[in-house]
Amino acid sequence: MSNDLVSIAERLDQAILTATATPQLPKGSEIEAATGYAVQAHGIELRKARGERVIGVKMGLTSRAKMEQVGVDEVTWGRLTDTMRREEGGTLARADFIHPRAEPEVAFILGRRLTGEVSLAEAALAVEALAPAVEIIDSRYENFRFALGDVVADNSSSAAFFLGPRAKPDTDIANLGIVLSINGAPREIGSSAAILGHPLRALVAAARMTARAGHVLEPGDIVLAGAATAAVPLQVGMQVEARIQHLGRVGFSVV
Ligand code: OOG
Ligand code: MG
């Protein structure tokens, strides 16, 4: 990888470590998605060198609501590491982030390896459990603005996540009501059907897209399907809860 790309990965990594936004990549030098994935992989190597472990992946921009909120209309993915996982029912320290937003997600926990071109049926068989989740996205770019390659390089904005209690893998998730509440009042409402028509398609896409980068989904991995609603900017004092019909709830407070 060129020195320029290594330095983008390092700049994004520093933005994470210091919770300080970094400027957009200069106009005219936007990077392609494929290049973005190489930068993302390098950024993850920097984190692994600090002892972090990859425990799954997040899919991004799998719904219209999300694509419209950020102005990028292609599905992306990023890696989840163990230090990004937060205690369900616990707290999120606002100061650890730049401009964090919360979004409700369906999570898959895999019971077997899943990689490459797989059918919906194969993907369903690989699911050991489902869970409601909240992803914290925190673009490392100023004003949360980016093009496709930039957001891919930035690990698809992923910053942290909360996973709720496990639900049975055979729950029908085609069209589940999803509510994101702030301080007890519903703020965003959606349906799991908004996620590529069926959230299982996000898992199929995860197997295919990660394989292209030489990444394999392993048993025990967590896969976030992507949000069905827009994300909500977080402020200190907020009590955040995601409720997904038949899957349950997961919440935390912002301190
Ligand atoms: C990009 C990440 C999108 C989702 O669930 O669609 C994402 C962003 O919105 O900054 O995580
Ligand atoms: Mg997300």
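Every read-out reported here was derived from the displayed coordinates using simple, explicitly stated rules and does not represent laboratory data. This structure is a prediction, so every number in the text was calculated from the model and none was measured. Here Cβ is always computed from backbone atoms with ideal geometry, including for glycine, and neighbour counts include all displayed protein chains.
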Note on the range 231-242: residues more than 9 Å from ligand 1 (Cβ to nearest atom) and closer than 26 Å to D73 by Cα are V232, P233, L234, A242
- Query: Among the residues of the range 145-154, is there at least one that is in contact with a strand residue (DSSP E or B) (Cβ under 8 Å, 6 or more places away or on another chain) and of a type in the set (K, R)?
  - Reply: no
Filtering the range 105-146 for residues that are away from ligand 1 (no atom under 14 Å from the Cβ) and over 17 Å from L203 (Cβ atoms) leaves a count of 0
Among R208, R201, R212, R166, the single one that is of a type in the set (D, E, K, R), more than 14 Å from P104 (Cβ to Cβ), surrounded by fewer than 22 Cβ atoms within 10 Å (Cβ to Cβ) and within 16 Å of ligand 1 (Cβ to nearest atom) is R201
Exactly one of A38, A102 is of a type in the set (G, A, S), out of contact with any Gly (no Cβ under 6 Å at 6 or more places or on another chain) and within 12 Å of ligand 1 (Cβ to nearest atom), and that residue is A102
Filter the range 57-67 for residues that are near ligand 1 (Cβ under 10 Å from one of its atoms) and in a helix (DSSP H, G or I); the one that is nearest to A159 (Cα to Cα) is K66
When every residue in the range 98-110 that is buried (at least 24 other Cβ atoms within 10 Å of the Cβ) and aliphatic (A, V, I, L, M) is compared, the one nearest to A230 (Cα to Cα) is A102
(message) Being under 16 Å from the mean Cα position of the chain (by Cα), within 15 Å of ligand 1 (Cβ to nearest atom) and under 24 Å from A38 (Cα atoms): is that true of A153 here?
(response) yes
- Query: Just a yes or no: is a residue in the range 21-40 under 23 Å from L203 (Cα atoms), in a loop (DSSP other than H, G, I, E, B) and touching a residue at least 60 places away in the same chain (Cβ under 8 Å)?
  - Reply: no
Answer yes or no as to whether V250 is touching a strand residue (DSSP E or B) at 6+ places or on another chain (Cβ under 6 Å) and crowded, with 22+ Cβ neighbours inside 10 Å. yes
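A quick yes/no check of all residues on (1) within 25 Å of M238 (Cβ to Cβ); (2) surrounded by 19 or more Cβ atoms within 10 Å (Cβ to Cβ):
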residue	(1), (2)
G60	yes, yes
R85	yes, no
R112	no, no
E122	no, no
Result of the Cβ filter at 9 Å on the range 238-255, keeping first residues that are of a type in the set (D, E, K, R) and partners that are not in a strand (DSSP E or B), at least 6 apart or interchain, is E241/G184; R249/G164; R249/P165
*When you look at V54, is it touching a residue at least 12 places away in the same chain (Cβ under 8 Å), surrounded by 19 or more Cβ atoms within 10 Å (Cβ to Cβ), more than 11 Å from ligand 2 (Cβ to nearest atom) and of a type in the set (V, I, T), yes or no?*
no
